[in-house]
Amino acid sequence: MSSDRREFLKTLSLGGLALFTTDWTRLVTEAKATSGGKVLPALPGETVSPDGDQLRAFWQDSAGYFELCLNGTIYDEVPDLEDDEDDGFDSSEFEQEEGESDEDFEARIDQARDEWDSEQESERRSRQEDHEFDWYRNSCPGAQAVPYLQGLFSTLDEKEDAVDAGDYAEIGSIEFYDGACPGNDTYVAATAPDYETLAALQRVLTALNWNCRVVIVEPNPNDAAKA
């Protein structure tokens, strides 16, 4: 996180209460060191119900950021497609033609059945691909974190008289991704670059009375090494 962004976070206030003071910065540093980057700091009176939401953070070493998931993990699998079962091939509409042998009649039915099976399989595969695409873009825990956090930023914007939020995209340096690369638009995610960003995110969530806990599931190993 750049120094100007750190300064921005320190000046964020809610209802006249400065959120990121020198004491807060010290608390973040101490909590990071004592927990090895696994547990975020908490101030007296800052409680989150266990029935609330969870934004779970998973460090991605190759990318250099935490990927955030809402009430789930990056390892959640695509749920089974709830698809209506096919009624099955109906051979009752076939009639044996005059002069057609029994063997030829059966062969004609078998060919029609094979063509029907192939068409049904192609349609099922297409439905499955659509189902997976929709899940990755809209329903998986990583994708769901995006509108959740965008809603948080919108709340900050709506409280501009009480919150000195500046450019909402700067808070915690959280970034949004819509497509990993050209030709791959299934990756929708929200990411945070470091422990300090996650701590800032929790502070804002609590200050706005959002019943949500930020949980570090997989910490940055470099943070643990410094503990």
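The values are calculated or read from the model by the stated rules, or taken from the named source; none is laboratory data. It should be emphasised that the depicted structure is a prediction, and the values quoted were computed from it without experimental measurement. A quick note on method: Cβ atoms are made from the backbone with ideal geometry, for glycine too, and the neighbour counts reach across all protein chains shown.
List of remarks:
- Candidates LEU68, LEU40, LEU81 - the one that is exposed (fewer than 14 other Cβ atoms within 10 Å of the Cβ), closer than 26 Å to PRO147 by Cα, touching a helix residue (DSSP H, G or I) at 6+ places or on another chain (Cβ under 8 Å) and modelled with pLDDT of 80 or more: LEU81
- Hey, TYR195 within 27 Å of THR21 (Cα to Cα), buried (at least 21 other Cβ atoms within 10 Å of the Cβ) and modelled with pLDDT of 80 or more or not: yes
- Selection status of GLU30, modelled with pLDDT of 90 or more, outside any strand (DSSP E or B), of a type outside the set (Gly, Ala, Ser) and more than 21 Å from the chain's Cα centre (by Cα): yes
- Set ASP134, ASP130: member being part of a helix (DSSP H, G or I), over 30 Å from VAL215 (Cα atoms) and within 20 Å of the chain's Cα centre (by Cα): ASP130
- Pick from the stretch 164-192, criterion modelled with pLDDT under 85 and part of a strand (DSSP E or B), ranking: nearest to GLY64 (Cα to Cα): CYS181
- Selection within the stretch 198-215: residues that are β-branched (Val, Ile, Thr) and crowded, with 22+ Cβ neighbours inside 10 Å. The member of this set that is modelled with the lowest pLDDT is VAL204.
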